[in-house]
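Working notes for the structure below.
The values are calculated or read from the model by the stated rules, or taken from the named source; none is laboratory data. Model, not experiment: these values are computed from the prediction. A quick note on method: Cβ atoms are made from the backbone with ideal geometry, for glycine too, and the neighbour counts reach across all protein chains shown.
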Amino acid sequence: MTTTLITGANKGLGHETARRLIAAGHTVYLGSRDAARGQRAAERLGARGIQLDITDDASVRAAVKTVEADGGLDVLINNAGIQAEMRDDGVVVIDAAELTADVMRKTFETNVFGTVRVLHAFLPLLRRSAAPVVVNVSSGLASLSRVTAVGTPTHAYPGVAYPASKAAVNMVTVQYAKAFPNMRINAVEPGFTETDLNANTGIQSVEQGAEIIVRMAQVGSDGPTGGYFDAEGVLPW
Ligand code: NAP
């Protein structure tokens with residue numbers, strides 16, 4: 001039996017990932033910073049709802065206690081994330097000219113520090129698993145190669161904070177993978193997916209977007225680690 005925790009799974013890609021992994025036989029903890037929203041989503045899917053705000057030490061500590069008491073963790077999916085430079089209609093308005101340290105800090109607080117907080121807190125449980133797996137949900141915007149490829153949509157993205165935060169997630173992924181060779185730890189790019197993160201301007205469905213998250217969550221002990229993938233394969237850093 002594989003036990004999996006997904007952060008930010010009350011909606012969007014995390015929610016779809018939960019649905020698919022439950023169908024694949026995983027016991028899924030559906031993390032949500034709003035307990036009631038999480039509980040409703042968990043009941044819909046047959047998951048275990050767990051209150052989890054990745055920016056809050058006490059919330060993360062309590063989640064570790066709950067999961068540990070129930071028997072431990074095999075797969076951690078760091079999915080929760082924000083894109084703070086976007087207006088309500090999906091237009092990115094905070095570009096390099098408008099960027100402040102506060103926007104950068106807010107973005108990193110969730111996407112980077114939150115991810116590390118959760119990783120650090122669940123490491124002891126993952127180390128006890130026979131086949132530990134971590135999936136860090138990154139972005140194509142984390143790729144320095146893509147962001148500098150003139151003429152592509154990735155090159156045209158004007159925001160700074162979100163791509164920088166996801167590039168940091170990629171580096172965290174590589175360094176953790178080296179430190180814990182017995183774990184499979186990978187970063188994934190779901191693709192531009194219709195969710196609240198981009199005011200539903202994305203061009204693919206959550207079913208398509210969750211594909212690589214679900215695949216990397218099920219990677220075996222002989223699978224890749226320290227990599228960066230989308231549904232088509234390996235991505236350039
Ligand atoms: P979404 O529908 O907005 O979902 C984001 C989830 O993260 C929500 O459940 C949200 O909870 C949660 N979250 C935000 N801050 C949190 C916190 N402090 N603690 C716990 N949960 C928190 O967006 P999504 O597109 O599914 O995003 C999922 C991941 O995919 C993100 O890491 C995003 O960067 C990445 N991604 C998305 C796309 C895309 O095109 N959609 C492309 C590449 C990568 P609330 O409901 O409480 O806000």
Practice item. Filter the helices (runs of 4 or more DSSP H) completely within the stretch 25-130 down to those with at least 2 residues that are farther than 30 Å from Met1 by Cα, β-branched (Val, Ile, Thr) and under 20 Å from the mean Cα position of the chain (by Cα). Key: 101-108
Review point. Just to be sure, is Lys166 assigned to a helix (DSSP H, G or I), touching a residue at least 40 places away in the same chain (Cβ under 8 Å) and under 21 Å from Ala80 (Cβ atoms)?
Key: yes
Review point. Counting only residues that are on the phi > 0 side of the Ramachandran plot and out of contact with any Gly (no Cβ under 9 Å at 6 or more places or on another chain), which one in the stretch 199-237 is farthest from the ligand (Cβ to nearest atom)?
Key: Gly226
Practice item. Output yes when any residue across the stretch 136-159 is more than 12 Å from the ligand (Cβ to nearest atom), assigned to a helix (DSSP H, G or I), under 15 Å from the mean Cα position of the chain (by Cα) and touching a residue at least 60 places away in the same chain (Cβ under 8 Å), and no when none is. Key: no
Check your understanding: Would a scan of the stretch 19-26 turn up a residue that is charged (D, E, K, R), modelled with pLDDT of 95 or more and under 23 Å from Met183 (Cα atoms)?
Key -> yes
Point to revise | Any chance Ala9 is of a type in the set (A, V, I, L, M, F, W, C), in a helix (DSSP H, G or I) and crowded, with 24+ Cβ neighbours inside 10 Å | key: no
Exercise for review: Just give me the residues in the stretch 1-24 being more than 21 Å from Lys65 (Cα to Cα) and over 13 Å from the mean Cα position of the chain (by Cα), in sequence order.
Suggested key: Arg19, Arg20, Leu21, Ile22, Ala23, Ala24
